[in-house]
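To start, the structure under review is shown below, and the notes come after it.
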Amino acid sequence: MLTSDEIERLRDAIIATIAAPIVGSIEDYSWEAIFHYIKNIPLSDPTSGRTKLLHDAVDSTTRTGWSLKTIQLLNLNPGVTFAFVIQRADVVTKATALGFPGLTVDSPPATLGEAIIQHWNQKLIQDCNVQGVTNSYEAILCKKKNALEYVYVEYPLTPLDPAKFSWNWSIDRNTGEAGKGLQGKVDEKLTLIWYKNQKQLFKVKTIPEQPIRITMNRNRLTPDEYVKAILSTLQQKLNSAPDDNEDSSGGYIQL
């Protein structure tokens, strides 16, 4: 979980991000950038390409990795449950490779569920090895549409035990027949949902009793103010290191 200093860095980064008139809300790469700032770890330039590996942020010193997510919720109170995508799990196409030859969407729910967990565990273990991660987490920024309230939650990522799960198809409210979502429960608590059409695997989590909560006023810069502030900062950076910004004619690069 975040330290007190990291919580302050989270607050500062959110304030700075939502002040930018070119940012609608914090998501995807903006959350990655904020998280790297919070943890004070190097952030790669997105133009150099982005991988599909599990951990969006890795601290090589501590061998800790985080899978970063954002989700917009109507309610950020403790006890609220929410679901988010963790993987595209096409277990039917990969059935043989997973050790489940002959698997179809009509296979018993327990068999499908076991294949789904095998698919996820393989991804987690493989990417931990590739990325040099021994401590794996999900770091989720829950937010309200008004961009004034945020909750940060963090959960450890460890391989799932298929023996702890029970699986059943959801029930279509209109027809009363089996729905399109395969639900995995642990001790009767909904934990995973797999949709057979999109092959998307969702994880279900609950906001804890004492999450890290950030509330603030939203002060946005005008486009003119934002551009001037950025250009001014860039100019100061260039002036502080002139040797690195000389062109081949001996002059200096101008903004």
(message) Please state the shape class of the stretch 167-206: rounded when a/c is under 1.5, otherwise prolate if a/b exceeds b/c and oblate if not, all from the C-alpha gyration tensor.
(response) oblate
(message) Using the Cα centre of the chain as the reference point, and only Cβ charges (+1 on K/R, -1 on D/E), how large is the resulting charge dipole? Debye, rounded to the nearest 20.
(response) 840 debye
(request) Just reorder 1, 216 by solvent-accessible area, largest first, 1.4 Å probe, all chains present. (result) 1, 216
(request) Work from the charge dipole of the chain (Cβ charges, +1 for Lys and Arg, -1 for Asp and Glu, about the Cα centre) and give the residue of 10, 227, 107 farthest towards its positive end. (result) 107
(message) Which of rounded, prolate or oblate describes the stretch 58-108 when judged by the alpha-carbon gyration tensor and an a/c cut-off of 1.5?
(response) oblate
(message) Between 0 and 90 degrees, rounded to the nearest ten: what's the tilt of helix 223-240 against the longest Cα principal axis of the chain?
(response) 70 degrees
(request) Please give the per residue accessible area of the stretch 17-172, computed with a probe of 1.4 Å over protein heavy atoms only, in Å². (result) 50 Å²
(request) With a ≥ b ≥ c taken as the square roots of the eigenvalues of the C-alpha gyration tensor of the stretch 35-189, please select rounded if a/c is under 1.5 and otherwise prolate if a/b is larger than b/c or oblate if it is not? (result) oblate
(message) With loop defined by DSSP as not H, G, I, E or B, and exposure as at most 14 other Cβ atoms within 10 Å, which is the longest segment of the chain clear of exposed trypsin sites (Lys or Arg not before Pro)?
(response) 64-144
(request) Pairs of lysines 8 or more apart, or on different chains, with alpha carbons under 20 Å: count those in the stretch 74-199, would you? (result) 14
(message) Relative contact order of the chain, please, whole-number percent, based on alpha carbon pairs below 8 angstrom and at least 6 residues apart.
(response) 22 percent
(message) What is the angle, in °, between the Cα long axis of helix 4-19 and the longest principal axis of the Cα atoms in the chain? Nearest 10 is fine, range 0 to 90.
(response) 80 degrees
(message) Just to confirm the number: angle between the C-alpha axis of helix 109-131 and the first principal axis of the chain, 0 to 90 degrees, nearest 10?
(response) 30 degrees
(request) Would you mind calculating the relative contact order of the stretch 108-245 from Cα pairs under 8 angstrom and at least 6 residues apart, reporting the percent as a whole number? (result) 19 percent
(request) Give me the percent of the accessible area of the chain that comes from carbon and sulfur atoms, probe 1.4 Å, all protein chains in place. (result) 49 percent
(request) Arrange the residues 188, 138 by how much accessible surface each exposes, largest first, with a 1.4 angstrom probe. (result) 188, 138
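The values are calculated or read from the model by the stated rules, or taken from the named source; none is laboratory data. The structure displayed is predicted, hence computed values, not measured ones. Cβ coordinates were reconstructed from backbone atoms using ideal geometry, including for glycine residues, and neighbour counts include every protein chain displayed. These area figures cover heavy atoms from the full protein model, side chains too; ligands, DNA and RNA do not enter into them. Shrake-Rupley method; radii C 1.70, N 1.55, O 1.52, S 1.80 Å.
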